[in-house]
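Notes to accompany the following structure.
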Amino acid sequence: GEDVEQSLFLSVREGDSSVINCTYTDSSSTYLYWYKQEPGAGLQLLTYIFSNMDMKQDQRLTVLLNKKDKHLSLRIADTQTGDSAIYFCAEARMDSSYKLIFGSGTRLLVRP
Amino acid sequence: DARVTQTPRDKVTEMGQEVTMRCQPILGHNTVFWYRQTMMQGLELLAYFRNRAPLDDSGMPKDRFSAEMPDATLATLKIQPSEPRDSAVYFCASAWTGENTEAFFGQGTRLTVV
């Protein structure tokens, strides 16, 4: 199908790790992205992974890619209250002229 | 300070009125996307352009929505006539598209149709 799917909501305690999951649809997608949206703002790119990689680490962020299952995850270590936001995964569909399709977003709430 | 600029930030209009939203993409970017964000539907792709040519507008209701790029510095999204169900936040994003389509988003236009 067309949809990139994410769970809608995640609540964690400050200091814990957060894991946000996503399933995408297009096996030809070469880049997969994680964006963050804070209240009242547009989306900002957090990180991305190339499809020939299994993992990418960037400070507190770890992206895991399972290409066989078309599953992408974002792990945030030592989650802080400032990480509370909506997180979107996205795929650039190579066979559709790099149409950029987003999931519905996962709202992360970090409890003190 | 390269950024995508959208105007207006907020728009309240009456049902039946025409609404025009504008976007100035980042200079040098060759791709412009229009998205609509609602609580129910998440972030929907309405249309996108490459080198000012429309590539896909299948996400747009054709009878009332239209998207254009009159020049490389301006993209527009029009709704005529507007309806209450069009109330949403509309985002424009631009990118230089190769294999990596890192998109930069504007702040959005919050549209309320009453």
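The values are calculated or read from the model by the stated rules, or taken from the named source; none is laboratory data. This is a predicted model, so every value here is computed, not measured. Ideal geometry is used to build each Cβ from the backbone, glycine not excepted, and the neighbour counts take in all protein chains shown. The protein model used for the area step is the full one, side chains on, heavy atoms only, and it has no ligands, DNA or RNA in it. Shrake-Rupley method; radii C 1.70, N 1.55, O 1.52, S 1.80 Å.
Quick notes on this one:
- Filter result (touching a Leu at 6+ places or on another chain (Cβ under 8 Å) and not in a loop (DSSP other than H, G, I, E, B)) within region A:44-54: A:Leu46, A:Thr47, A:Tyr48, A:Ile49
- Scanning region A:48-74 for residues that are within 10 Å of another protein chain (Cβ to nearest Cβ) and of a type in the set (Ser, Thr, Tyr) turns up A:Tyr48, A:Ser51.
- Selection within region A:27-47: residues that are more than 8 Å from chain B (Cβ to nearest Cβ) and hydrophobic (A, V, I, L, M, F, W, C). The member of this set that is surrounded by the most Cβ atoms within 10 Å (Cβ to Cβ) is A:Leu32.
- Answer residue from region B:36-50, given it is within 9 Å of another protein chain (Cβ to nearest Cβ) and of a type outside the set (Lys, Arg) and is surrounded by the most Cβ atoms within 10 Å (Cβ to Cβ) among those: B:Tyr48
- Qualifying residue in region B:65-86 (condition: touching a residue at least 60 places away in the same chain (Cβ under 8 Å), facing chain A (nearest Cβ under 10 Å) and not polar (S, T, N, Q)): no
- The set of residues in region B:12-32 being closer than 20 Å to B:Ile79 by Cα and either modelled with pLDDT under 95 or open to solvent by 80 Å² or more (accessible area, probe 1.4 Å) (or both) consists of B:Val12, B:Glu14, B:Met15, B:Gln17, B:Glu18, B:Arg22, B:Gln24.
Here is a yes/no grid of residues against (1) out of contact with any Asp or Glu (no Cβ under 7 Å at 6 or more places or on another chain); (2) more than 14 Å from A:Gly42 (Cβ to Cβ); (3) open to solvent by 10 Å² or more (accessible area, probe 1.4 Å):
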site: B:Trp34; (1), (2), (3): yes, no, no
site: B:Arg52; (1), (2), (3): yes, yes, yes
site: B:Ala67; (1), (2), (3): no, yes, yes
site: B:Pro84; (1), (2), (3): yes, yes, yes
site: B:Gly106; (1), (2), (3): yes, no, no
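- Residue that is least open to solvent (accessible area, probe 1.4 Å), among those in region B:86-104 that are modelled with pLDDT under 95 and not small (Gly, Ala, Ser): B:Thr101
- Residues of region A:91-112 classified as closer than 19 Å to A:Glu5 by Cα and open to solvent by less than 30 Å² (accessible area, probe 1.4 Å), total: 11
- Single match in A:Phe9, A:Phe88, A:Phe50 (criterion: aromatic (Phe, Trp, Tyr) and crowded, with 17+ Cβ neighbours inside 10 Å): A:Phe88
- Region A:81-104 residues that are at the interface with chain B (Cβ under 7 Å from one of its Cβ atoms), paired with ones that are open to solvent by less than 40 Å² (accessible area, probe 1.4 Å) and part of a helix (DSSP H, G or I) (beta carbon under 9 Å, 6 or more apart): none
- Residue match in region B:4-20 (condition: within 13 Å of chain A (Cβ to nearest Cβ), over 15 Å from the mean Cα position of the chain (by Cα) and touching a residue at least 12 places away in the same chain (Cβ under 8 Å)): no
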